[in-house]
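The values are calculated or read from the model by the stated rules, or taken from the named source; none is laboratory data. Not measured: the values here are computed from a predicted model. Don't worry about glycine lacking a Cβ; one is built from the backbone with ideal geometry, like all the others, and counts go over all protein chains shown. Ligands, DNA and RNA are stripped out before the accessible areas are found, and what is left, the full protein with its side chains, is counted by its heavy atoms. Shrake-Rupley method; radii C 1.70, N 1.55, O 1.52, S 1.80 Å.
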Amino acid sequence: MPDHLPLPLSPLSPCSAAPSACQHSTRLEALTKAPLFAALPVDELLELEGRVSAPGYVAGERVYRAGERAASLFIVASGAVKLLRPSPHGDEAVVSVLGPGDSFGTLTRTEHCGETAAVMVDSCIIGIPVRVVRSVLERHPKVAMAAFDELAERLEQSYQALEQLSVGSADKRVAAVLLNLSEKLGRPAQGRIELSIPLSRADLGAIARITPESASRALARLRAAGAVDFGRQWTSIVDPAMLHDIATS
């Protein structure tokens, strides 16, 4: 067995995956690049790929809903997913947006999902039952350590995001959110970074911990400054350096 996969792997497209594009090579590439399974031998990786589900999802479809039984770990192979948590007002607030390579769901035997996972654009999502993940962890200590690191990183990212978005002006918070999204889902285009995902002002405000009205006004100010531009279904980072300065000032 060769020590590498004999496949012509190319970067995953963040926002152009139709359900029919969830092919064997896409699934295998996503598993290969997932930090959790990077230490797996090739033969085990191929076996794992045969045990996952990988349906194509259309924009707006739910992978799961809050309150449903948590039974799988998911990996975004292509496309984009947003996680929403129920609010005290009875609606749902976006808490995170995920892109190719990001994982969500559960690594433990949690009884119920704490959030809803909704597909933002046509996407390929890999689902791995918890029992399958646990069997891999039991056989491979290095993978188990990677799982521990994954959980620790998720926790650290949550703390960092909460700290960053709990202080500062609306402009600073929105700039920080847009920079984070550009790292996950941005596509360079003529010196700009395009975010071709449907991101409402309510979504942006929820992630930035501000009201939709404040998010809208912050975007308008960022556009007036020449840092961003936006339309009905897209946002463009015109000057990444300026946006970074605003986010970190």
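Return the only residue of Val97, Val76, Val81, Val63 being in contact with a helix residue (DSSP H, G or I) (Cβ under 7 Å, 6 or more places away or on another chain) and buried (at least 21 other Cβ atoms within 10 Å of the Cβ). Show your work before the answer.
Working: Val76 fails: in contact with a helix residue (DSSP H, G or I) (Cβ under 7 Å, 6 or more places away or on another chain); Val81 fails: in contact with a helix residue (DSSP H, G or I) (Cβ under 7 Å, 6 or more places away or on another chain); Val63 fails: in contact with a helix residue (DSSP H, G or I) (Cβ under 7 Å, 6 or more places away or on another chain).
Result: Val97 is the single residue among Val97, Val76, Val81, Val63 that is in contact with a helix residue (DSSP H, G or I) (Cβ under 7 Å, 6 or more places away or on another chain) and buried (at least 21 other Cβ atoms within 10 Å of the Cβ).
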- Query: Is it true that some residue in region 103-112 is surrounded by fewer than 17 Cβ atoms within 10 Å (Cβ to Cβ), touching a Ser or Thr at 6+ places or on another chain (Cβ under 7 Å), within 24 Å of Asp203 (Cα to Cα) and touching a residue at least 12 places away in the same chain (Cβ under 8 Å)?
  - Reply: no
- Got at least one residue in region 122-140 being within 19 Å of the chain's Cα centre (by Cα), modelled with pLDDT of 90 or more, assigned to a strand (DSSP E or B) and more than 18 Å from Leu45 (Cα to Cα)? yes
- Query: Where in region 190-249 are there strands (runs of 3 or more DSSP E), lying wholly inside it, with at least 3 residues that are farther than 13 Å from Val177 by Cα and open to solvent by 20 Å² or more (accessible area, probe 1.4 Å)?
  - Reply: 192-195
- Query: Between a first residue in region 189-208 that is farther than 17 Å from Val119 by Cα and a second residue that is assigned to a loop (DSSP other than H, G, I, E, B) and small (Gly, Ala, Ser), which pairs have beta carbons less than 8 Å apart while being 6 or more apart in sequence or on different chains?
  - Reply: Ile193/Gly186; Glu194/Gly186
- Note on the structure: Counting only residues in region 26-57 that are more than 16 Å from the chain's Cα centre (by Cα), surrounded by fewer than 14 Cβ atoms within 10 Å (Cβ to Cβ) and not acidic (Asp, Glu), the one farthest from Arg134 (Cα to Cα) is identified as Pro55
- Residues (out of contact with any Leu (no Cβ under 9 Å at 6 or more places or on another chain) and within 17 Å of Ser103 (Cα to Cα)) located in region 52-62: Ser53, Ala54, Pro55, Gly56, Tyr57, Arg62
